[in-house]
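Undergrad: Got a structure for you, written out below as structure tokens; questions coming shortly.
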Amino acid sequence: MKNIKIYLFLFLILPIMSYGQIEGEVIKPRGGKFLLQNATVVTVTNGTIKNTTVLINKGKIEALGENLADAEATVIDCSGLFIYPGMIDAGNRLGLVEVNSVAETQDFSEVGEVSPNMQALTAVNPNSVAIPVTRVSGVTTSLAMPSGGIFPGTAALINLNGYTPDQMYAGFKGVVMNFPSSARRGSYDRRSDEDIKKEAEKAIKNINEIWQKAITYHRLDSAKAALEYYPEMAQMAKVISGELPLLIEVNAASDIQAAIKWLEDKKVRAILTGVSEGWRVADEIAVADLPVITGPVLALPNRQSDRYDAAYTNPGKMLKAGVKVAIRTDDAENVRNLPFNAGFASAYGMGKEEALRAVTIVPAEILGVDGHLGSIEQGKSATLFISDGDPFETKTQIMHVFIDGYQIPMTNRHVRLYQEFLERSPGLEK
Amino acid sequence: MKNLIYIITALLLLNLNSLQAQVKKGNLLIKNATVLTITNGIQEDTDILVENGLIKQIGKGITAPSNTPVVEASGKYVMPGIIDAHSHVALSVVNEASSPITAEVYMGDVVNPFDIGLYRALAGGVTVSNAMHGSANAIGGRNVTLKHRYGTLNPEELIMTEAPRTIKFALGENPTRVHGRGKGIQPRSRMGVEAIIRNGFNEAIQYKKKWEAYEKAAGQKNSTAIPPKYNLRLKTLGDILDGKLIIHCHSYRADEINMLINVCKDFGIKNIVFTHVNEGFKVAPELAAHTMGASVFADWWAYKFEVYYSTSFNAAILTKNGVITSINSDDAELIRHLYHEAGKTQRYGGLTDEEALALITINPAKQLGIADKVGSIEPGKQADLVIFENHPLSVYAIPQMTFVDGIKYFDINEDEHDQRLKVSATEMVEPIYLMEHDHRCMHGVEMFSETGQFFGTH
Amino acid sequence: MSLLNRKTLLLLLMVAASNVFILAAVAQSDPTGGKRVTGTYAIKNATVFTGNGSATKVDIIIENGLIGGVGKNLKTPIDAQEIKGDSMFIYPGFIDVSGSAGVKTPPTPEKPADLDPSNPPPHIAGITPYVDVLESFDPADEELGMWRKTGITMVNLIPNGEGMLPGNTAVVLIGEADSYNTLASSTGMFAKFEAIRGLYPGTTLGVMAKWRELYQNAELANKHQSLFASNKGLIRPEKDRVLEAFYPIINQSAPVIFKVKDELELRRALNLQREKGFRMVVTGVNEGVTLIPLIKETKTQVILSANLPEDTASKKELKGASEEITANLDRVKAAYKSHLELAAAFEKEGVPFAFSSQDLKSENFLNNIRLMVENGLSEEAALAALTINAAKILGQDHITGTIEKGKLANLVITTDSLFKSGAEVKQVFVDGYLFTYETNGNKKVGKEKTTDIAGSWNYNTETPQGSSSGEMIIKKGSEGFSGTITFDNPAGGGKKTADMLAIKQSGSTFEFQFTVDVQGTSLSVTVSGDFSVDDYKGKMTITDFGSFPFTATKSPDSTTNN
């Protein structure tokens, strides 16, 4: 009787068990043809359509409609279930750190203030324990961000499936810049306001000098001059030329204004990230037409005098002012909480539809990958998930996840520990 | 004339009373809500009558005496005030990290009523918290159970005086890093942590014997018995052995949880709750058999090596194995959405609504020894109540009002944005903090290891 | 001839043998010309605030260091120097109930090699209640003179050590340096909520627990001693000077003088008092009106801090600022106002108080009190705080606090009514010795003097890793301050130099930052503290790691001003 119970649980969590695999055997991602029958498909870009079947083939959404059939395809009955595009977390350290307190596992921050040539992509650990933990929540794509210094490196978008970083690469790279901050680093930061201001001014001057150097480098390089090896400038030149966008991490209201001003005379593709006080200057961000990746939503307000829900209402307020807003977690091992961040943003002003867009098509558009990610449309990558309800709700179970057409095993360390220890054998008495 | 004397005496008495902490208690009538009682199922379209800070009656169509504030709650949910069994909110100091045993210190000495974290917790429906010593020491100080009566300038009015005493223990990486690796004194390994705790208890037994002998001798006529030295630390440890305090032990690994369970068995200690206990699921049967439960995170893991092998199914596994389980925050940000954290146990382990809500109400109340006073909506219990728009376990839940002892301390529609009680006379520009979280378990501790690296908090 | 010589010789020998010159009759040559001609004075027809009733125009006779007479048309003694008092306003000499002018910081004790930081010996942990403040007191310290200039004639000295119980207090006159000025020693046990980092107790938590334990053990030791004194055959008691220092507290013959820095600390001190029942004086009080009932209940005596926060808010002009910013500013202004109104609030509730000079530059002392008077404090209460209330708290009201015949000749002589802005202290009598000051006429009092921190300093700092030292050079230029600091290179091998950044100086406070590179990470270090003449005491804060004590002394011949 006990054994049947265990198998029943396994059936619930691992529908793939129906393929007769032995308990304990490793389940691998599977490619091929899949027919997801009779689901309610939330396309994001074309409304929500009921009783629809999605055909996955060669990694893409080959077709969607009623009464599709394909004899070779593996059929998954999705009656009563929902299909959503895979969620995109546009800013975190997933894959770049394993155990945060163990320095040897931290790979997101390099020595030096100006190191834009550091490639986050190469440091991503495809086998990080946190990746399987994350993707079963429906978050399929994530922007790995370096940090530290003024130009910490180049961020890269990865899909959470693949055995090498190149296999995971999802088609976006951007140079990160930490805009000089007038905020305090912590409660122990006791510099006076004038000193913080002075340091920020000095830092801007420094950045402008580096920028000028980069412009010069780019000009000379375009003129085919023989330049000395200068990898930092070579990477900055790609921003000057427009090849790579600039991801500017900036949070305090006055800093956002300063950043907008700083960008006025520069022809770069800029994206503002962080933006926790964006609601204070939302109109100005909208006028400047700068897209915003903000989060986490589940965060403390910046100021003691702020309303307690300042971080919850931030995305909604910016959206209302006309800003293009995507939501991120800025986390490492709990990127799986992206849908809950979106849920809170929705409850506190953004609305369900816009909150869903903020973690699917909007980050895809901001990062320029909306050609293959961010919505359920024919021809796009089959990066999606099937759930029994609203993925923002904690009660909802995510039943299946597909990344680039691969069916992902719905297991990870947390699940395996659950299976082993729910009913421990031996129990209390040996 | 006599009347005058009575009046004057009464006034004098009143004056004296006003020197003691005066706890405000209120009257209230909540109407037509869906009441989540926790212990008595869900009652729809139901009223709750509160008198002098206590729940007087739950039922339909209750009429209240005039002057009772009435709150119309139709379409809304009411649940008991959320209880956080592990918090450091409203404390000026968190760690006395200079010694591996500091049972003599008391968090009630450093309660800070000006902490905006109290208000933010109220805005998340939390009415009671266990304000704890940090996790720097194997045996830390006595915690203080707080009621979130935000707005008072008197820290004593925040203390839940009727709550039993609790004390903080900590195992694993934190005490071994602070003392062993940081200062070169025991403990430096999990072996040392056990030794320190056993030493403490054994010394306390000797201390108790000395004092019992003295008290016996001093009770006799013309006694010249000389008192032994007074040691508050050993006295407190002795009180633990006498069952007068509940231990809340910060722990992660299964082996160290086992260690402390065995130590408690050896010394006859029954009042022990494990907190964090990320690997508690590995020893769920033992926790169920020998302890007062486990207080866990919903899904935090991998921030230290000792939590690398944890699972977000922890709370579900523990619950299904009969362990009294609660979900805590240990963080000024997380405390604001414990209702959402509890909801995660429905995704990770399929707990029912009833089981999930118990994790933040009656279960932590049991672990703090206050389950007869708070933790559910029953007549006779204290009126700590939260009104929600949408079911609290939904991600779209928004707390509307929070009551402590029948007094409203949070109202989403009426409250000012700026809830600071005190403002500095010279701070012209308000500091802007980029703190997403505020983990304070290791607050105030020198964080050097032998190699001088800085470790993240927590 | 030889007789005369022998007599003179004998006299000289007597004089040489004794260090104390008591009688003016012991004639002595003074080639500096500084010695006074006579110790008897007659001040004629001055406006005198005796402290008993309102001011009257009277004469005051001073002789033998005491007030010989107060009244109209007194007979001037023959040996008196007459002083025309028509334009003078005279008050009883002010009393500072807790000040540390002239008190040096005792040296940090050396840590033993096998120090267990969780159980350090008391003298390392800052628990030295037996230490006498007079051991570190230098009566010739220039700072004392600066305080005398504000009218303060008597101080209850506070020990300057680190930790929770640095020692006991003593009452001295700020009199003639060559004279004897100690009035009373061991007048109270000084306590504060300060802990020595890295040692037990290390925070307020430990300090509170340690207090309870020390007090309880002192009571038990006291019991043991009295049992031992009246019985045979008992184990002899341990001699513990820490616990013995508590005996006068336990038997109520001396108070605990508790320094508090905010109302939460004031509450903690009151809680300890309620638990144990000792006599208590709280000093440094700068907020806490709600605690007045508790203060009254516990009969705690109050010393308000004369230090007021800087007025940054009221000058601030905000044109077209948002509602939020204006609301915030209003709150800051209100907070500032409440500090100014604190003394008036205490007066209104009927709580007598005195003032403390700690944490304050002497130039601001009277000005701050005037600000308090402008904000509701009555002149009578202010004067009482400076004089008779203070004398009562110190138990010296039988000899000072008012101008009466037989009391000490401590007087403050001002050019105008004390609380009028522009009034200056012209002369001060301490113990019958006259000190005269230059007055600037109508110049507004309270302008800060140009500071003299520029120069080369040798510093010392204590971290748990040990102590380290170096040199800081501060230069004052036309644009402000600049400087450099040397420190031990963390990578080993000698010293590194860094520029001082973000220098901030205001009054006696001086603050700067510099960066240290440790293993590729840049750490920002902030040093901030107060300096006086050639001593600098403060804290060094390393971001993320904490604060450590930082002291420095000026190198001789190093004052530079360019």
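The values are calculated or read from the model by the stated rules, or taken from the named source; none is laboratory data. Everything quoted here is computed from the prediction, not taken from an experiment. Cβ placement follows ideal geometry from the backbone for every residue including glycine, while neighbour counts extend to all protein chains displayed.
Undergrad: Out of the residues in the range B:236-256 that are in contact (Cβ under 8 Å) with a residue 40 or more places away in the chain and farther than 30 Å from residue C:212 by Cα, which is surrounded by the fewest Cβ atoms within 10 Å (Cβ to Cβ)?
TA: B:255
Undergrad: For residues that are surrounded by fewer than 19 Cβ atoms within 10 Å (Cβ to Cβ) and of a type in the set (D, E, K, R), scanning just the range B:158-200, find the one that is nearest to the chain's Cα centre (by Cα).
TA: Of everything passing the filter in the range B:158-200, B:165 is nearest to the chain's Cα centre (by Cα).
Undergrad: Are there any strands (runs of 3 or more DSSP E) wholly within the range C:47-119 with 3 or more residues that are without any contact (Cβ under 8 Å) to a residue 24 or more places away in the chain and more than 22 Å from residue C:36 (Cβ to Cβ), and if so which?
TA: Per the criteria, C:56-63.
Undergrad: Here is a follow-up. Among the numbered criteria (1) over 20 Å from residue A:155 (Cα atoms); (2) surrounded by 14 or more Cβ atoms within 10 Å (Cβ to Cβ), which one does residue A:289 miss?
TA: Of everything listed in (1) over 20 Å from residue A:155 (Cα atoms); (2) surrounded by 14 or more Cβ atoms within 10 Å (Cβ to Cβ), residue A:289 misses just condition (2).
Undergrad: Quick check on the range B:115-158: of everything there that is out of contact with any strand residue (DSSP E or B) (no Cβ under 8 Å at 6 or more places or on another chain) and within 14 Å of chain A (Cβ to nearest Cβ), which residue is nearest to residue B:97 (Cα to Cα)?
TA: B:117
Undergrad: Follow-up. In a strand (DSSP E or B), touching a residue at least 60 places away in the same chain (Cβ under 8 Å) and within 26 Å of the chain's Cα centre (by Cα): is that true of residue A:88 in this structure?
TA: yes
Undergrad: Okay, moving on. Please work out if residue A:215 is assigned to a helix (DSSP H, G or I), within 13 Å of chain C (Cβ to nearest Cβ) and either over 25 Å from residue C:503 (Cα atoms) or of a type in the set (Val, Ile, Thr) (or both).
TA: Criteria not met by residue A:215.
Undergrad: Looking at the structure I just gave you, is residue B:358 touching a helix residue (DSSP H, G or I) at 6+ places or on another chain (Cβ under 6 Å) and farther than 25 Å from residue A:93 by Cα?
TA: Here the answer is no, as residue B:358 does not meet what is asked.
Undergrad: Within the range C:343-350, can one find any residue that is part of a strand (DSSP E or B) and in contact (Cβ under 8 Å) with a residue 60 or more places away in the chain?
TA: no
Undergrad: Residue by residue through the range B:57-87, note down the ones that are of a type in the set (A, V, I, L, M) and more than 29 Å from residue B:336 (Cα to Cα).
TA: B:62, B:64
Undergrad: Out of all the residues in the range C:383-405, is one or more within 14 Å of another protein chain (Cβ to nearest Cβ), closer than 27 Å to residue C:300 by Cβ and without any contact (Cβ under 8 Å) to a residue 40 or more places away in the chain?
TA: Within the range C:383-405, none of the residues are within 14 Å of another protein chain (Cβ to nearest Cβ), closer than 27 Å to residue C:300 by Cβ and without any contact (Cβ under 8 Å) to a residue 40 or more places away in the chain.
Undergrad: Among the listed residues A:407, A:378, identify the single one that is away from chain B (no Cβ under 14 Å), modelled with pLDDT of 95 or more and surrounded by fewer than 18 Cβ atoms within 10 Å (Cβ to Cβ).
TA: A:378
Undergrad: Now for a different question. Residues that are more than 10 Å from every other protein chain (Cβ to nearest Cβ), surrounded by 16 or more Cβ atoms within 10 Å (Cβ to Cβ) and aromatic (Phe, Trp, Tyr): does the range C:212-225 have at least one?
TA: no
Undergrad: Working only within the range B:380-435, note down all residues that are within 12 Å of another protein chain (Cβ to nearest Cβ), among the polar types (S, T, N, Q) and part of a strand (DSSP E or B).
TA: Result: B:402, single match.
Undergrad: Taking the conditions exactly as written (assigned by TED's automatic domain parsing to the domain that holds residue C:193 and surrounded by fewer than 16 Cβ atoms within 10 Å (Cβ to Cβ)), does residue C:271 satisfy them or not?
TA: So residue C:271 does not fit the description; no.
Undergrad: Run residue C:184 past the list (1) within 23 Å of residue B:235 (Cβ to Cβ); (2) surrounded by fewer than 17 Cβ atoms within 10 Å (Cβ to Cβ); (3) of a type in the set (A, V, I, L, M, F, W, C) and report the number of the one that doesn't hold.
TA: (1)
Undergrad: Let me ask something else. Being farther than 15 Å from residue C:102 by Cβ and touching a Leu at 6+ places or on another chain (Cβ under 8 Å) is the filter here, so list the residues in the range C:122-164 that pass it.
TA: C:124, C:125, C:126, C:127, C:128, C:129, C:151
Undergrad: Let me ask something additional. Would you tally the residues in the range B:303-328 being aliphatic (A, V, I, L, M), more than 9 Å from chain A (Cβ to nearest Cβ) and not in a loop (DSSP other than H, G, I, E, B)?
TA: 3
Undergrad: Only residues that are more than 7 Å from chain A (Cβ to nearest Cβ) and either assigned to a loop (DSSP other than H, G, I, E, B) or free of Cβ contacts under 8 Å to residues at least 60 places away in the same chain (or both): list them for the range B:337-347, please.
TA: Scanning the range B:337-347 gives B:341, B:342, B:345.
Undergrad: Within 14 Å of the chain's Cα centre (by Cα), within 14 Å of chain B (Cβ to nearest Cβ) and not aromatic (Phe, Trp, Tyr), is that true of residue A:332?
TA: Yes.
Undergrad: Pick from the range B:285-299 the residues that are within 7 Å of chain A (Cβ to nearest Cβ) and either closer than 19 Å to residue B:442 by Cβ or not aliphatic (A, V, I, L, M) (or both): which of them is surrounded by the most Cβ atoms within 10 Å (Cβ to Cβ)?
TA: B:299
Undergrad: Residue check: is residue B:351 out of contact with any strand residue (DSSP E or B) (no Cβ under 8 Å at 6 or more places or on another chain), under 30 Å from residue B:395 (Cβ atoms), touching a residue at least 12 places away in the same chain (Cβ under 8 Å) and more than 8 Å from every other protein chain (Cβ to nearest Cβ)?
TA: Yes; evaluated as a whole, the condition is true for this residue.
Undergrad: Does residue C:407 satisfy the criteria of being within 30 Å of residue C:34 (Cβ to Cβ), surrounded by 21 or more Cβ atoms within 10 Å (Cβ to Cβ) and in the same structural domain as residue C:280 (by TED's automatic domain parsing)?
TA: So residue C:407 passes the test.
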